[in-house]
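Below: one structure, written as C-alpha cells.
The values are calculated or read from the model by the stated rules, or taken from the named source; none is laboratory data. Keep in mind it's a predicted model, so treat the numbers as computed, not measured. All Cβ positions, even for glycine, are placed from backbone atoms using ideal geometry, and neighbour counts span all protein chains on display.
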Protein chains: 2
Amino acid sequence: MTIDIQNLTLEDIAEKAGVSRSTVSRVVNEHPNVSEKVRTRVLQVIAETGFHPNAAARTLASQRSSMIGFILGRTVSSFFPDPYFPQLTQGIAQACNQNRYTLSLFLVGSREDEAMIFPNVSRKGLLDGVIVQSGHDDDELINKLITSNIPIVVVGRPFEVENVTFLDVDNVEASRQAVAHLIGLGNTRIATIEGSANTTVSIDRRRGYEKALAEAGLPLDEKLIAAGDFSEESGYRAMEALLPHKPDAVFAASDAMAFGAIRAARHAGLRVPEDIGFVGFDDLPSARRFEPALTTVRQPVSEMGSKAVDTLLQIIHEGAASQAATIVPTELVVRNSCGAKAKGLAQ
Amino acid sequence: MTIDIQNLTLEDIAEKAGVSRSTVSRVVNEHPNVSEKVRTRVLQVIAETGFHPNAAARTLASQRSSMIGFILGRTVSSFFPDPYFPQLTQGIAQACNQNRYTLSLFLVGSREDEAMIFPNVSRKGLLDGVIVQSGHDDDELINKLITSNIPIVVVGRPFEVENVTFLDVDNVEASRQAVAHLIGLGNTRIATIEGSANTTVSIDRRRGYEKALAEAGLPLDEKLIAAGDFSEESGYRAMEALLPHKPDAVFAASDAMAFGAIRAARHAGLRVPEDIGFVGFDDLPSARRFEPALTTVRQPVSEMGSKAVDTLLQIIHEGAASQAATIVPTELVVRNSCGAKAKGLAQ
DNA sequence: GTGAAAGCGCTAACAG
DNA sequence: CTGTTAGCGCTTTCAC
C-alpha cells in the first residue's frame, strides 16, 4: 500500500480519524477545545500518514505565514568578507528555528533589485515581518516599508528614528572605552580613522572618540582625525595622512582599516606597538592572528540577530515592542597592538 | 481619497478596468491571449492602484511559489568565519533576484532543527525547490528530500551520487595543480594536511595530491600525510606531527590549516618559505595579508551559487537538469608562501 | 479574446 | 467539545 504523501489534506485526515476537518485543524494548531481522546486519535493518524498542512493554504486563510524576511539593503555593499553579516544572519536564523519561523533572505544589490523585491517584503508578500539592516541612507526603503504597514525591526541605528523599532550596539560607549584605554596607556596624541561618512555608525564612533578625549582633558585636534571607508586600503591612506602629525596611538573604526594603518606605519619605519599603538573595531577572525595581535572591540553580533527576531515577533504578536530602541554593550578585547602588553599593563 | 492599498484584490482591479477577474489574472501572468487594448487598460489600473497579487493565494491556486530554499546542513558547522558560505549565499541570492525568485535560508543547527525544518523544505512546504550544501554525511537529509520529490540541487559532491544533480569545484584537479606547483619548485618531500575525514572534499583533495606525486614519479609516503579538520588548530597539530619527517613543502587542504601549520613550523625554527614552502586552499581574505602572503587555491564560489540556482530552475521548469554533475575549475593563486617568488619562479 | 465557475487546502466564526 | 459553513485571493479549465 503506497500512500501518496504528497496530496494528503486535512479532509483526508479527518475522514481517517472519523472527525471533522475543523477538529483536525484544531489539533494541528493546538487549540485547547479538543478532548484528549480525539486529540490522541487524530495525532496518531497524522503521525501514521506523515501529514503536514499545506503552508500556502494556511497562510491564505489565516493571513499569517510564520515567515519573516531579513533585508540587507542596497548600501550594505558586501555580504562578505566582513563576517558581520554572516554572523548576524546566523543569529537571526537560529532564533527563527527556535520560534518555528522560516527566514527569507533578501540581498538587495541595486535600485532595481529593491523595486523588484519590494512587493515581496511589504504587506503584500507573505512575510509576517521584516528585519532590515540599516546601511547609509536606506531610510527610504525603511520608510516605504513602514508605510506599507508591515512589522519591522531595524538593526543599526537609522537616521530617522521616528516610529522605528531598532537595535544597535553602543558604538559611542565602545569607542569611548577604546580611546580611554589608549589614554590610560599614557598616550596623549591619539588619532582616529573614521568609517564611511553619512553612516550613523561612523558618527557614533567619532562621538565616543571625542567623549574620551574630553573626559581626559585632552584637546581635540582635527589634524588627528582622518577619513576612511572601513576598508583596508582607506586605512592605509588615512594613516599616511596622519603620520606627519605624529600621533602616538590610533583608534580605527574598523579592524580592516587598522590593518591598513599598521601597514602604513611600518612602511614609515615605525614599530607597532612600541612607537605607536592601535585599536580596531570588529574583532575579525584574523585580528587574533595578526602580528601584533590586534586590540579591538567585539560586538555581540549573533545575539543582536536573535534579539532582533525576538523583538520582531513581539511586534507581530503583540502589536508593538516593549521598547523602541535596544542598545547592546560591546567588549574591548585587549591584545598586543595597543601596547598594553608591552608596557605590562594588560588587563 | 485614501485607497487602502492593503486589500486590493484581482476582483477590484477587474471591476475598475471593466473586465473579468480572469482577464486581470491573464494580464498579470503575461498570458498571450489578451487584446492589446484590454491589456494596457488593465496595466494602467494596476499601476494607478499599486496592486500586487497576493502571494499565498497565488501559490495555493497554482501550486508554485517562486521561492526556493538554501539549506546548510547540520554538519556544516559554521556560517562564518569561513567566507565560503556567505559567498555561496550571495551568489545564490543574486541569481534569485535575477530570476525573480525569493530565497529562504535554513541553517540547520541540530538534529531537532532538521526534523522541524523538514516539512518546510520538502514537497509539503511552499518551496519550488531546494539547494543543499552537502556536508559530511548529510546524505540522509538529501535522500529524504529526494524521496519527498522536491526539485533539488546539491552543492559539493555527495557520497551517493545516484539520482542527484550536483555541482562541485574540481577538488582533485585543484590539488593536483597545487602540489604539481610545489614539485615544479624543486621540492621532493611534499607533505599534505588533510581536511575532516568522511568528507568528499577531503577525499578528492587527497586524490589530487597523490595524483601529482604519481605524475612526477615521487613516492607516496604515509608519514607525510597528516590528519586535520580544516581548522587552524588542527593545522598546527598536524604540522607538529609532520616536522620530524622533514618535509620541504606542505599542501594544506584549507588556508586556516596552512596558517596553523606555518605557525608550528616557525615555532620549530624554520623560515617560510626559505626552509619550507606552503600552499593552502580557499583564498581567505587574510591569505593575501598574511606574512608571507599565502599561495592558495581560489574557488569560484559565488558563480557556483548562481549556477546552482540556474540548474535548480531548470529542474523546476523542465523536469530535469541538462547535466547531472557540473564541475567547475579553480585557480591557483601564487604568492610568497610556496617559495616561488623567493626562487624567482613566480608565474 | 473573454467570462463563468470550480476549486487550491486551510482557518475561523457560528451553531449546537 | 465538535461540526457546518463561509470564505482567504488567485489560477485554470471550459464554454462562448
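Out of the residues in the range A:101-131 meeting the condition of being more than 7 Å from chain B (Cβ to nearest Cβ) and among the polar types (S, T, N, Q), tell me which one is farthest from A:A56 (Cα to Cα).
The selected residue is A:S110.
Please tell me if B:F251 is hydrophobic (A, V, I, L, M, F, W, C), within 14 Å of chain A (Cβ to nearest Cβ) and under 19 Å from B:S337 (Cα atoms).
no
What residue, among those in the range A:290-310 that are assigned to a loop (DSSP other than H, G, I, E, B), out of contact with any helix residue (DSSP H, G or I) (no Cβ under 8 Å at 6 or more places or on another chain) and within 14 Å of chain B (Cβ to nearest Cβ), is modelled with the highest pLDDT?
A:P292
With (1) crowded, with 23+ Cβ neighbours inside 10 Å; (2) at pLDDT below 95 as the list, and B:E140 as the residue in question, which single condition is left unmet?
In the conditions (1) crowded, with 23+ Cβ neighbours inside 10 Å; (2) at pLDDT below 95, B:E140 misses (1) alone.
Scan the range A:48-57 and give yes if some residue there is over 26 Å from B:A55 (Cβ atoms) and near DNA strand D (Cβ under 8 Å from one of its atoms), otherwise no.
No - not one qualifying residue is present in the range A:48-57.
For the range A:93-120: of the residues being under 16 Å from B:Q94 (Cβ atoms) and of a type in the set (S, T, Y), which is nearest to the chain's Cα centre (by Cα)?
By that ranking, first place goes to A:S104.
Test B:P53 against the criterion of being within 10 Å of another protein chain (Cβ to nearest Cβ) and in contact (Cβ under 8 Å) with a residue 12 or more places away in the chain, and give yes or no.
Answer is yes for this residue.
Of these, A:S175, A:S104, which one is of a type in the set (S, T, N, Q), under 26 Å from A:A324 (Cα atoms) and in a strand (DSSP E or B)?
When all the criteria are applied, what remains is A:S104.
Is there a residue being closer than 24 Å to A:E318 by Cβ, among the hydroxyl-bearing types (S, T, Y) and part of a helix (DSSP H, G or I) anywhere in the range A:143-152?
Scanning the range A:143-152, I find at least one residue that is closer than 24 Å to A:E318 by Cβ, among the hydroxyl-bearing types (S, T, Y) and part of a helix (DSSP H, G or I), so the answer is yes.
Tell me, yes or no, whether the range A:63-74 has at least one residue that is within 16 Å of DNA strand D (Cβ to nearest atom), in contact with a Gly (Cβ under 9 Å, 6 or more places away or on another chain) and not basic (K, R).
Yes, the range A:63-74 contains at least one residue that is within 16 Å of DNA strand D (Cβ to nearest atom), in contact with a Gly (Cβ under 9 Å, 6 or more places away or on another chain) and not basic (K, R).
With respect to B:V108, determine if the residue is among the hydrophobic types (A, V, I, L, M, F, W, C), in contact with a Lys or Arg (Cβ under 6 Å, 6 or more places away or on another chain) and crowded, with 22+ Cβ neighbours inside 10 Å.
So B:V108 passes the test.
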